[in-house]
1. Residues being away from the ligand (no atom under 16 Å from the Cβ) and outside any helix (DSSP H, G or I): count how many of those fall in the stretch 170-191.
2. Taking only the stretch 272-295 into account, find how many residues are open to solvent by 10 Å² or more (accessible area, probe 1.4 Å), touching a Leu at 6+ places or on another chain (Cβ under 9 Å) and more than 16 Å from the ligand (Cβ to nearest atom).
3. Inside the stretch 295-383, counting only helices (runs of 4 or more DSSP H) that do not spill past its ends, which hold 1 or more residues that are of a type outside the set (Lys, Arg) and over 13 Å from the mean Cα position of the chain (by Cα)?
4. Restricting attention to the stretch 241-258, which residues are crowded, with 24+ Cβ neighbours inside 10 Å, more than 16 Å from the ligand (Cβ to nearest atom) and not in a strand (DSSP E or B)?
5. Quick one: how many residues across the stretch 42-89 are part of a loop (DSSP other than H, G, I, E, B) and more than 16 Å from the ligand (Cβ to nearest atom)?
6. Out of the residues in the stretch 262-271 that are surrounded by fewer than 24 Cβ atoms within 10 Å (Cβ to Cβ) and outside any loop (DSSP other than H, G, I, E, B), state the one that is nearest to the ligand (Cβ to nearest atom).
7. Under the condition of being of a type in the set (D, E, K, R) and part of a loop (DSSP other than H, G, I, E, B), which residue from the stretch 272-294 is nearest to CYS212 (Cα to Cα)?
Amino acid sequence: MSGTAWIVLSPSRKKRRGFFYSRESKRNAANANTTGRVQNVKKLYLLDSTLRDGAQSVGISFSVQDKFKIAKILDELGVDYIEAGNPGSNPKDMEFFKMIQEHPLSHSKVTAFGSTRRKHISVEEDANIRSLLAAGTDCVTIFGKSWDIHVTEILRAALPENLQMIRDTVAFLKANGKEVVYDAEHFFDGYKANPEYAMQTLEAAYESGADCLCLCDTNGGAFPDEIYEITKLVLDRFPVAVGIHAHDDSGMAVAGSIMAVKAGALHVQGTLVGFGERCGNANLATVLANAQLKMGYGCLPPENLERLTQTVHEVAEISNISVHKNTPYVGGNAFSHKGGMHVDGVMKNTLTFEHVPPSSVGNSRKILLSEVAGRSAILEKVRAFYPEIKKDSPEAARIIDMVKQMEHQGFQYEGAEASFELEVRKLLGTRTEFFELLMLNVTDEQALGGEKKPSCATIKVLVGDQPEITAAEGNGPVNAIDIALRKALEVFYPEVGEIRLTDYKVRVLDSESATAAKVRVLIESTDGHEYWASVGVAVDIIQASCRALMDSIEYKLHKSQAAVKSAASAANA
Ligand SMILES: [Zn+2]
C-alpha cells in the first residue's frame with residue numbers, strides 16, 4: 001500500500017458487517033431478501049448489465065428482440081438482477097420494459113437504470129426519474145457522482161447540491177416502493193481524491209434508504225488491493241449490502257471484483273461475456289465460477305453452473321460476437337491439452353493440468369490431435385465415440401497410421417475433430433454415406449474495379465438413388481457452395497437447416513512452388529447447441545472448402561443419427 005495516501009476516516013470501527021450477513025451461516029437463498037439489509041446467507045448476488053453497460057461495447061447493437069432473448073437466457077441461468085437499460089434516454093429500452101412486463105421472468109429481477117435527478121429541479125419534475133417509474137420494474141439502479149471533480153466540473157454543481165440530488169432521488173424511489181441499488185460512479189477514484197466527500201455521497205444514499213451501495217471502478221484503473229481496502233472501509237461504516245462494479249481497463253476487473261467479495265461485498269455487477277465499453281466490464285461468468293467453485297459462495301443454483309458455458313455462448317451468439325477461445329472456464333481452449341507430456345499427465349490424473357473439472361461449468365476437455373500429441377492422446381479421443389478401443393487393439397495401430405498419413409498430406413486434426421471422427425469411422429467401416437456429391441460448378445465473375453457480383457454455385461447430390469440439383473448465389477464462391485449444398489440436402493435431412501458457419505480460415509501450406517501450394521481450410525459450425533470444426537486440404541481452395549463443408553454436414557447427420565438411435569434404445573429399454 002506504500003505511496004497511497006488514503007485517509008482512514010474515523011467511522012465507528014465496530015464490526016457491523018456481521019449484522020447483515022455472516023460468512024459462517026449456511027446458504028439459505030430462498031429466505032433471503034435480494035439486496036436486503038439483513039441477510040443470513042453466504043449468497044453472492046449477481047447483477048448482469050449486458051443489456052445496459054454491455055450494449056456500450058463497440059460492435060454491439062441489440063434489437064428489442066435480442067434484449068428479450070438475452071434476458072430470458074440470463075433468467076434461466078439464475079442471475080439475480082438484469083440491468084436492462086435506461087428508459088429515460090432510450091425509447092428502445094422503454095419498449096423492452098413494456099415487453100418484459102407482459103412476459104415476466106421467473107427468477108431474475110429486471111432493473112431500470114438512470115442517474116440522480118438533475119440539478120435545480122425537484123425530483124418529481126425530472127422526466128428521467130419519471131421514466132424510471134414508468135419502466136415498472138421492482139428494482140432501480142441509480143448512479144450518482146462520488147468524485148468531487150465530476151461534481152464541480154462535469155455536473156457544474158456545488159458539492160452539497162450533489163448530496164441533495166442523491167438523497168432526493170433515492171428517497172423518492174424508496175417512497176415509490178422500489179428496491180434501490182445505488183451505483184457510486186467513480187467511487188474508487190473519488191475516494192482517493194477526496195475520501196471524506198466520497199463517503200458523504202454514500203451516506204446520502206444510505207440514509208435515504210438505498211438497499212445496496214455499489215462501488216464502481218468506472219474508469220477501470222483501480223488495483224485489486226485498493227479495491228479490497230476501500231471496500232472494507234465502506235463496509236465498516238455502512239451496515240448495508242455493498243456491491244462492486246469494475247471495468248477492465250487495467251486487465252483486473254475480475255481480480256478487483258473478487259477482492260471486493262473477499263472484503264465482504266455481496267453484490268457483484270458485470271456482464272456475462274465481459275462486454276462493455278472500452279476494455280469491457282468484469283466478466284461475470286469468470287467471477288461467478290470463481291466465487292462458486294473456489295470461494296464457497298452460492299451465486300447460481302448449483303445445477304445451473306453446468307449450463308454456464310452454453311449460456312455464455314448463447315449470449316455471445318445473439319450479440320454477434322464470438323467468445324475468445326482463451327476465456328477462463330467457458331472458452332473453447334479453457335480445457336484444451338496439447339503436447340505429449342500435458343496430455344499424458346491429464347490422462348493419468350486430470351488434477352495435474354486442470355484447475356477444476358471442465359464439466360463443473362459445462363465445458364469439455366479437448367485433447368488436441370496431432371502426431372506429436374502422441375498415441376495415447378489420439379486413442380483417448382477415439383474412445384469418446386468408440387469406447388471399446390484398446391491401446392493394443394489392431395484398430396489402434398491403423399488409426400495412428402492414418403493420422404500420420406493424413407498429416408503428411410497437410411491435414412491437421414487439431415481443432416478439427418469432426419473430420420477426425422469421420423476419418424476414423426471410414427477406417428473402421430462405420431461411416432454412413434448420407435450423400436454423394438456428383439457435380440459442382442462455381443462461377444465467380446470478378447468485375448475488376450467495378451462492383452463485385454455474387455458468386456453462383458450449381459451442385460448435384462445423390463441421396464440413396466435420388467439425385468437433387470440446386471443452384472444458389474452467395475457472397476463469394478464458398479458461401480455460394482455452402483448455401484447450395486445445404487439447400488439440396490435439407491430436402492432429405494431437415495436438420496441440415498440448423499447448421500451455421502461460425503468461422504472460416506484458410507492457410508496456404510508451405511511449398512517450394514507457390515502455384516502448386518496446397519491450402520488447408522478449417523471451418524467451424526454450430527447447430528445452436530454444439531460447435532464442431534472440420535478441415536479440408538487440396539491444391540484448390542474451392543475443393544478444400546467443399547471438403548470441409550461436406551464434413552461439417554456429415555458430422556451433423558451422424559450426430560442426429562446417434563441421437564435417434566439412443567432415443568430408440570431408451571424407448572425399448
Ligand atoms: Zn460501468
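1. Total satisfying the criteria: 5.
2. Residues meeting the conditions: 3.
3. 340-348, 375-383
4. Hit for the stretch 241-258 is ILE258, nothing else.
5. 11
6. This residue is ALA263.
7. Among residues in the stretch 272-294 that are of a type in the set (D, E, K, R) and part of a loop (DSSP other than H, G, I, E, B), the one nearest to CYS212 (Cα to Cα) is GLU277.
Listed here are the residues, each with its yes/no results for (1) over 33 Å from the mean Cα position of the chain (by Cα); (2) touching a residue at least 40 places away in the same chain (Cβ under 8 Å); (3) surrounded by 22 or more Cβ atoms within 10 Å (Cβ to Cβ).
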| residue | (1), (2), (3) |
| --- | --- |
| THR141 | no, yes, yes |
| ILE154 | yes, no, no |
| TYR182 | no, yes, yes |
| LEU215 | no, yes, yes |
| THR218 | no, no, yes |
| PRO224 | no, no, no |
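The values are calculated or read from the model by the stated rules, or taken from the named source; none is laboratory data. These numbers come from a predicted model, not from an experiment. Note that we place each Cβ from the backbone using ideal geometry, even for glycine, and neighbour counts take in every protein chain shown. These area figures cover heavy atoms from the full protein model, side chains too; ligands, DNA and RNA do not enter into them. Shrake-Rupley method; radii C 1.70, N 1.55, O 1.52, S 1.80 Å.
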